[in-house]
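Scroll down for the structure; my scribbles are underneath it.
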Protein chains: 2
Amino acid sequence: MIGKEQTENLRKELEKKKLDALLLINFSSEHIDNTLYYFTGIEWVEHSYAIIGKDFEKLYLPQFEIERCEKETWIKQIEELPKQKTLENITKSLRGKKVGINGEFLPANTFEKLKAKLKLTDFSSAIKNLRIIKTQGEIALIKKAANITAKFYQNLDFSKNETQISADIGFICAQNNAKLAFDPIVAYDSNSALPHAKTTLNNGNGALLIDSGAAYKGYHADVTRTFSLKENDTEFEKIYDLVLNVQEKAIEKVKPGVKANAIDNFVRGELKKKGYKFIHSTGHGIGLEIHEAPAIAEKSKEILKENMICTIEPGIYLSGKFGVRIEDDILVTKDGCEVLTKGIKK
Amino acid sequence: MIGKEQTENLRKELEKKKLDALLLINFSSEHIDNTLYYFTGIEWVEHSYAIIGKDFEKLYLPQFEIERCEKETWIKQIEELPKQKTLENITKSLRGKKVGINGEFLPANTFEKLKAKLKLTDFSSAIKNLRIIKTQGEIALIKKAANITAKFYQNLDFSKNETQISADIGFICAQNNAKLAFDPIVAYDSNSALPHAKTTLNNGNGALLIDSGAAYKGYHADVTRTFSLKENDTEFEKIYDLVLNVQEKAIEKVKPGVKANAIDNFVRGELKKKGYKFIHSTGHGIGLEIHEAPAIAEKSKEILKENMICTIEPGIYLSGKFGVRIEDDILVTKDGCEVLTKGIKK
């Protein structure tokens, strides 16, 4: 169960920053602050509020969600949402206290309302620093997501159109009690030359790029494989081998102490040497979000640490022809790395 | 194509509020401000920025997204995201101007950064007032979403487990170039007594509640049907008939000028008279979000107007036994309403 260990780590940070509590709010089911799930274990609740102090924790939920959420959370103190002046009543006990908020998520107008009554501190970088290092429980969930992802790459039917393949991927997720990490990118031929191609009803007989992943209990995997359906497609094979070679070398560089931007620079440089401009970043962290820290990017300031998890995904895109991207999920270990998606054939 | 008509309406509001421009920002692909799509037509772009002034409009996008987005938007002026000091460079032209933001979405820490250099005004209630009244183009998209939703309610296989049925629904969406509006709720027997039940691998032979919908080009349908798989299930039938009767009467009340909370009060009162506590709201607006204004709820202050679209969804939940909810999507017309989901058998 996610939340308890995370909250213990949070409390050390609250102590360091001399904050009395962290306040987390989800107003909508569409704009979810995953941080609330991260500390409480409660998924997908519109109008949910969590207050986590140094020695107390409390959830406020709509009455009709309480029965379900009690099964999901380690937090015992759950109250029904106040019917009137919700925000005011919930935060009453925090008046005069130093309260952390997730400034990367909390909407500006709620922030302004709260600021009039509470001493707010943006705690988002501390939250990021906690979330960037995965616990053993989180690593296990991402491995599970990677294993479910492997199942659909093992069962692709190349006779189907992009949308049908995408639907098959969704079905395998559902069968395995997982969700799609994101809408799969399934792109044949020239559509594969768009890094974020939209899935169409087309079939193809040349390249096929599939970027997809499962999310298991909120934790994401993210894998890209590119295939050629043509025999002796020498132009494709040349590009493919180049991308694969660069990817393998980049993965070898992943270990604690390495700068994220150094890995991106390496990939960018290798592709440039061969005459190709690399038009996106080398990778990104994965966890409760499909794109989170550490960015493996030109401008990234992160230094890799043990138990970070990120993707490595170089690509070459030949407009109007095809694209090749190869993406794996990499766990930074004590002295190197582990490819969590190595079971998925390249 | 969404965006142009919406922008024309926006400009009248900017004029009224004496604002020079509206600034919209999407940092992440997971926390999407649909308002950017609403005015520009561009879907799902991490790191996208739009500035819409009285007589100009401009988009900033990552280089590798530009080719795709040019096909989606009516906006001609598209620039590549500045590589350095992104926020500062994009907003340079707005210095000293009165700039509207969507304060219900913009994260607090971005707001604080911008506030140091721009004169910001929270424009979120004006945005809500625009989005709450659907254009003819938007109504057509929601009708299309409702028609796709009808397809899966016509093809249910009651021998399947909750997850399998949910996956079938996803497949029919994909076949019809639509997405799931949200993860379907498919709940047999006692699971149906939880209004937001989680889908399991269970089968059932009593009640089956399915709450699901398609989203077509971003516009959502949202329909709930509850079935009994048992013959002569008199306890179920009694509850079902009661919910259906209340729902039909509530729908009859939908027309311009009616207070949203009056409809909720009616439903709540009717259910109470029969001895049942109604534990959620009667309905909600649908559009680019699955839950948007107007709320058909106790505390709602909305008055229904022509071309609003909302759900009406009373329910009774007998803990440990079963639940019944019946939900349709209703367009407020000039002098009454139109049930957009009437083709889906109750």
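Values for this structure:
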read-out: Matching residues, segment A:77-109, being touching a helix residue (DSSP H, G or I) at 6+ places or on another chain (Cβ under 8 Å) and not hydrophobic (A, V, I, L, M, F, W, C); value: A:E80, A:P82, A:T91, A:G100, A:N102, A:G103, A:E104, A:P107, A:N109
read-out: B:E298 more than 27 Å from B:K217 (Cα to Cα) and either assigned by TED's automatic domain parsing to the domain that holds B:T224 or outside any loop (DSSP other than H, G, I, E, B) (or both); value: yes
read-out: Criterion (under 18 Å from A:F111 (Cβ atoms), of a type in the set (A, V, I, L, M, F, W, C) and outside any helix (DSSP H, G or I)) met by exactly one of A:I42, A:I51; value: A:I51
read-out: Some residue of segment B:241-248 being part of a strand (DSSP E or B), modelled with pLDDT of 95 or more and under 30 Å from B:K144 (Cβ atoms); value: no
read-out: All positions within segment A:186-227 that are touching a residue at least 40 places away in the same chain (Cβ under 8 Å), of a type in the set (S, T, N, Q) and either crowded, with 21+ Cβ neighbours inside 10 Å or assigned to a loop (DSSP other than H, G, I, E, B) (or both); value: A:S192, A:N202, A:N203, A:S212, A:T224, A:T226
read-out: Residues satisfying the stated conditions in segment B:26-46, i.e. in contact with a Ser or Thr (Cβ under 8 Å, 6 or more places away or on another chain) and either modelled with pLDDT under 95 or of a type in the set (G, A, S) (or both); value: B:N26, B:F27, B:G41, B:I42, B:W44, B:V45, B:E46
read-out: Flag for A:G41 being within 19 Å of the chain's Cα centre (by Cα), under 13 Å from A:L288 (Cβ atoms), crowded, with 21+ Cβ neighbours inside 10 Å and more than 14 Å from every other protein chain (Cβ to nearest Cβ); value: no
read-out: Single condition B:E112 does not satisfy, out of (1) in contact (Cβ under 8 Å) with a residue 12 or more places away in the chain; (2) in contact with a strand residue (DSSP E or B) (Cβ under 9 Å, 6 or more places away or on another chain); value: (1)
read-out: Every residue from segment B:143-168 that is part of a loop (DSSP other than H, G, I, E, B) and either more than 23 Å from A:D183 (Cβ to Cβ) or among the charged types (D, E, K, R) (or both); value: B:Q154, B:L156, B:D157, B:F158, B:S159, B:K160, B:N161
read-out: Tally of residues being within 14 Å of chain A (Cβ to nearest Cβ) and crowded, with 18+ Cβ neighbours inside 10 Å across segment B:47-61; value: 2
read-out: Hits in segment B:177-192 - residues which are at the interface with chain A (Cβ under 9 Å from one of its Cβ atoms) and of a type outside the set (D, E, K, R); value: B:N177, B:L180, B:F182
read-out: Residue among A:L156, A:L118 that alone is farther than 26 Å from A:G285 by Cβ and in the same structural domain as A:E43 (by TED's automatic domain parsing); value: A:L118
read-out: Every pair of residues 6+ apart whose Cβ atoms lie under 6 Å, when the first sits in segment A:54-69 and is in the same structural domain as A:N26 (by TED's automatic domain parsing) while the second is modelled with pLDDT of 90 or more and of a type in the set (G, A, S); value: A:L59/A:A50; A:L61/A:S48
read-out: Qualifying residue in segment B:16-29 (condition: part of a loop (DSSP other than H, G, I, E, B), loosely packed, with under 15 Cβ neighbours inside 10 Å, within 23 Å of the chain's Cα centre (by Cα) and touching a residue at least 60 places away in the same chain (Cβ under 8 Å)); value: no
read-out: Residue within segment B:133-140 that is surrounded by fewer than 20 Cβ atoms within 10 Å (Cβ to Cβ), away from chain A (no Cβ under 14 Å) and in a loop (DSSP other than H, G, I, E, B) present; value: yes
read-out: Residue in segment A:274-282 that is crowded, with 20+ Cβ neighbours inside 10 Å, assigned to a loop (DSSP other than H, G, I, E, B) and hydrophobic (A, V, I, L, M, F, W, C) present; value: yes
read-out: Of all residues making up segment A:260-302, the number that are hydrophobic (A, V, I, L, M, F, W, C) and either within 13 Å of chain B (Cβ to nearest Cβ) or under 21 Å from A:A140 (Cα atoms) (or both); value: 8
read-out: Residue within segment B:95-107 that is part of a helix (DSSP H, G or I) and either within 11 Å of chain A (Cβ to nearest Cβ) or crowded, with 16+ Cβ neighbours inside 10 Å (or both) present; value: no
read-out: Members of segment A:1-43 that are of a type in the set (S, T, N, Q) and under 26 Å from A:I139 (Cβ atoms); value: A:Q6, A:T7, A:N9, A:N26, A:N34, A:T35, A:T40
read-out: Where a residue in segment B:136-150 is farther than 15 Å from B:G213 by Cβ and its partner, wherever it lies, is assigned to a helix (DSSP H, G or I), with Cβ under 7 Å and at least six apart; value: B:G137/B:E5
read-out: Hey, B:G218 assigned by TED's automatic domain parsing to the domain that holds B:F152 and within 21 Å of the chain's Cα centre (by Cα) or not; value: yes
read-out: The lone exception for B:T341 - which of (1) in contact (Cβ under 8 Å) with a residue 40 or more places away in the chain; (2) touching a Lys or Arg at 6+ places or on another chain (Cβ under 8 Å); (3) part of a loop (DSSP other than H, G, I, E, B) it fails; value: (2)
read-out: Extreme residue, nearest to A:N102 (Cα to Cα), among residues of segment B:62-94 that are at the interface with chain A (Cβ under 10 Å from one of its Cβ atoms) and among the polar types (S, T, N, Q); value: B:T86
read-out: Qualifying residue in segment B:116-131 (condition: β-branched (V, I, T) and more than 25 Å from A:K179 (Cβ to Cβ)); value: yes
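The values are calculated or read from the model by the stated rules, or taken from the named source; none is laboratory data. This structure is a prediction, so every number in the text was calculated from the model and none was measured. Backbone-built Cβ (ideal geometry, glycine too); neighbour counts: all protein chains shown.
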